[in-house]
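Encoded as structure tokens, the structure appears first; notes follow it.
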Amino acid sequence: MNPQLLLLTACQGLFLTNNVCFIAINGLVGLALAPQAWMATLPVCGYVAGGALFAPLVARHQRQWGRRRAFQFGLLTAMGACALAAWAVSQRQFGLLVLATVLAGYYNANAGLYRFAAVELVPAEMKEKAISWVLAGGILGAVAGPNLASASKQWLAEPFAGAYLALIGVALASLALVSLIRFPALPQAAPGAPAGRSVRELARQPTFVVAIMAAALGYGVMNLLMAATPIAMAQCAHPFDSAALVLEWHVLGMFVPSFFTGSLIKRFGALPVMGVGVLLNLACVLIAMSGVDLMHFIAALLVLGVGWNFLFIGGTTLFTQTYRPEERTSAQAAMDFCIYATMTVTSFSSGALVTTGGWTWMNVGSLLPLAATGLALLWLASRRRTEPA
């Protein structure tokens, strides 16, 4: 840990405050404003779809402007999007709300690169711990996000409209912090030299493909269940404060393990830690299918969070082995595009599944991507044993 990394960790915490608040309120606001119930999670879907849509543009801005200016622009975009969302809710305009969340996706894709920027602030041998420490900043989001959503629910006449205004303040605080960080210049190819391998060439590496697949599907399953949780709990007659409590425990499960995940990866390797992440996700599904009491939701989402942590940090660490310095922005954009595209599908699916098939069947549906992730990890581990080079 150093002062620059500490500031970036705080920015990550404020980013997760935004994300958790979005997850807590967007599904319920969507349910109140959407013409059809199955469209309830479209505002959640818009946020991650925007991340996929803007990922290539974010990579270009990072390469042209550098880390700090690109991160600053992302935060300014977040402020504008939140102001538009507050207006949309106040006017009960569902389509405008979805548009606002799509625009906020630029910030989502931009701040998603904090974990890669962390690697650039420390010596190479500390990259696993740097990724873990920055993601540990999400603990702030675990506490602040749900409580901010609850506290600001009735600020304006329309429920939750005030929460979007509160998030403008969160983005402003993050803008002040990120402006203090001195990021090293991103490596550039020498004039006349090749700009690095294309994404198609990078994708010929099995490790590249499996790292992206594990991170994307792990994030997708987590998002599928998390986005539907406030709606599922409302269907089961749980009050919003209970849903906020469940999300708080879930996000703590996502980020508290970050204090030791990096050390586990350094000791045991990324693949074993990611394998445990798959097993924890399976445990989440079993708990969720065993009942719908408050403690069932808390336990399931807590275990889901820890499983996501192992898969995401493991996948990110594994991924950093697959590209050269001058290829980092295009490679990182490819990974995040796949993650956000997967989350777009699961965000939309969660609303349709939970309002038509119910909580249990949605959990059953998550078993397929979990099985695919587990098989991919076993295949890569087997390949590495037979071909050590």
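Every number here is computed from the coordinates shown, using simple stated rules; none is lab data. None of these values were measured; they are calculated from a predicted model. Neighbour counts are summed over all protein chains in view; Cβ atoms, including those assigned to glycine, are modelled from backbone coordinates with ideal geometry.
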> Under a GNM of the chain (C-alpha, springs under 10 Å), which listed residue has the highest mean-square fluctuation: 200, 67, 182?
Replying inline: 200
> Are there any helices in the chain, counted as whole DSSP H runs, that stretch 30 Å or more along their axis by Cα and score at least 1.6 on average by Kyte-Doolittle, and if so which?
Replying inline: 294-319
> Build a GNM of the chain with springs between Cα atoms under 10 Å: which of 323, 164, 47 gets the top mean-square fluctuation?
Replying inline: 323
>> Taking 8 Å as the Cα distance limit and 6 or more residues as the minimum spacing, I'd like the relative contact order of the chain as a percentage.
In response: 27 percent
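Counting only C-alpha contacts under 8 Å and six or more residues apart, can you give the relative contact order of segment 244-389 as a whole percent?
On the way: 121 pairs, mean separation 44.5, N = 146.
Computed over segment 244-389, the figure is 31 percent.
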> Where is the GNM fluctuation largest for the chain (alpha-carbon springs, 10 angstrom cutoff): 249, 38, 361?
Replying inline: 361
> So which lysines can residue 266 reach, going by Cα to Cα under 17 Å and dropping same-chain residues fewer than 8 places off?
Replying inline: 127, 129
>> If each DSSP helix of 4+ residues adds -39,500 (n - 2.57) and the sum is divided by the residues in the chain, what number results at 222 nm, nearest 500 deg cm²/dmol?
In response: -26500 deg cm²/dmol
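Rank the residues 68, 197 as a footprinting-exposure proxy: fewest other Cβ atoms within 10 Å of their Cβ go first. It would help to have the intermediate numbers written out before the result.
Details: 68 15, 197 18.
Going from least to most buried by this count: 68, 197.
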>> Once you order the gyration tensor axes a ≥ b ≥ c over the Cα atoms, which shape class does segment 138-239 get: rounded for a/c under 1.5, otherwise prolate or oblate by comparing a/b with b/c?
In response: oblate
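Once you wrap a convex hull around the alpha carbon atoms of the chain, what is its projected area averaged over all directions, in nm²? Working shown, then result.
Numbers: hull surface 70.5 nm².
The directionally averaged projection comes out at 17.6 nm².
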>> Checking the a/c ratio against 1.5 first, then a/b against b/c, what shape does the Cα gyration tensor give for segment 1-133?
In response: prolate
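Quick check on the exposure proxy: order 241, 336 from fewest to most C-beta atoms within 10 angstrom. Write out the running numbers ahead of the final one.
Values: 241 13, 336 28.
Going from sparsest to densest Cβ surroundings: 241, 336.
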> Taking Cα centroids, how far is segment 1-48 from segment 228-295 in Å?
Replying inline: 17 Å
> Most exposed first by the Cβ proxy, i.e. fewest other Cβ within 10 Å, how do 25, 287 rank?
Replying inline: 287, 25
>> What Kirkwood Rh does segment 237-369 have if only Cα atoms enter the pairwise 1/r average? Answer in Å.
In response: 16.2 Å
